[in-house]
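Notes follow the structure.
The values are calculated or read from the model by the stated rules, or taken from the named source; none is laboratory data. As the structure is a computational prediction, the values presented were derived from the model and not from experiment. Neighbour counts run over all protein chains shown; Cβ positions are idealised from the backbone, glycine included.
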Amino acid sequence: MKTTLYLALLILTTTLTYGQCDALIKITQQEFEQHFVQGDTVQPSAGFVKEDNEVHIPGIDHPYTDWYEDGVMVYEPVGKIFNDFYVLEMMDEIKDSYYLIRPEPYSFTEVTGYPYMYGNYILAIESPHTDYDNSLEVWEFKNGTFKLCKKIGLTACGIQDVLQSYIKNKTAYIKTYYSQQPQYYKLKF
């Protein structure tokens, strides 16, 4: 019985992973370059600083404090997006995350990588040095909240390092490097 259950889970996991990878469509360098747009980056924010291992977010009473017991967790202030959201980088021993925090009304969203903005969309790609699956996430900012539109594990699809990426017309474009050759993909969402 355990063997049957294990086999069923293995088949389901493999099917989901390959189905996820099927959504990545290989394209030419020309197609990648003809659609290219530069995303907006996080903007610096006055008063959002780190002092004595604590990051203070204006409008929030408790600071985010680095800790080094039973592991490491370090916070770094990055800046602000969409006027109201502070971006805070969290790094620990196995992953990096970015927190999108709005003090009033309080809102908290965790994204897998540095958030690049394309209109009302955010493209975040996990750093390849983490212990996770090098995920690509697309988020939509609408009515003051974030909604995850698409998430795909790039490592499971054979993609390790993303060299360049952007969003245009509800499509994420990525340039990667494989076997000493650039590869180009698009992902509709």
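Results for (1) under 12 Å from the mean Cα position of the chain (by Cα); (2) loosely packed, with under 14 Cβ neighbours inside 10 Å; (3) within 30 Å of GLU31 (Cα to Cα), shown as yes or no for each residue.
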| residue | (1), (2), (3) |
| --- | --- |
| VAL72 | no, yes, no |
| TYR98 | yes, no, no |
| TYR106 | no, yes, no |
| MET117 | yes, no, yes |
| LEU136 | yes, no, yes |
| PHE141 | no, no, yes |
| ILE167 | no, no, yes |
| ALA172 | no, no, yes |
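Checking LYS147, LYS175 one by one, the residue that is more than 23 Å from HIS35 (Cβ to Cβ), among the basic types (Lys, Arg) and in contact with a Phe, Trp or Tyr (Cβ under 7 Å, 6 or more places away or on another chain) is LYS147 and no other. Identification of strands (runs of 3 or more DSSP E) wholly contained in segment 51-157 with 1 or more residues that are within 28 Å of CYS21 (Cα to Cα) yields 85-92, 96-102, 107-111, 116-118, 121-125, 135-142, 145-153.
Taking the residues in segment 59-84 that are modelled with pLDDT under 95 and β-branched (Val, Ile, Thr) as candidates, determine which candidate is nearest to PHE146 (Cα to Cα). Ranking the qualifying residues of segment 59-84, first place goes to ILE60. Against the numbered list (1) exposed (fewer than 12 other Cβ atoms within 10 Å of the Cβ); (2) in contact (Cβ under 8 Å) with a residue 60 or more places away in the chain; (3) more than 16 Å from TYR114 (Cα to Cα), GLN38 comes up short only at (3).
Yes/no per residue for (1) under 18 Å from VAL111 (Cα atoms); (2) modelled with pLDDT of 95 or more; (3) β-branched (Val, Ile, Thr):
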site	(1), (2), (3)
ILE125	yes, no, yes
ASN134	yes, no, no
PHE141	yes, yes, no
GLY144	yes, no, no
ALA156	no, no, no
ILE159	no, no, yes
ALA172	yes, yes, no
SER179	no, no, no
PHE189	yes, no, no
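Screening the candidates ILE122, ILE57, ILE94 for the property of being under 12 Å from the mean Cα position of the chain (by Cα) and either surrounded by fewer than 18 Cβ atoms within 10 Å (Cβ to Cβ) or free of Cβ contacts under 8 Å to residues at least 60 places away in the same chain (or both) yields one hit, ILE122.
I need the full set of residues from segment 60-91 which are among the hydroxyl-bearing types (Ser, Thr, Tyr) and in contact (Cβ under 8 Å) with a residue 12 or more places away in the chain, in order please. Those that are among the hydroxyl-bearing types (Ser, Thr, Tyr) and in contact (Cβ under 8 Å) with a residue 12 or more places away in the chain: TYR64, THR65, TYR75, TYR86.
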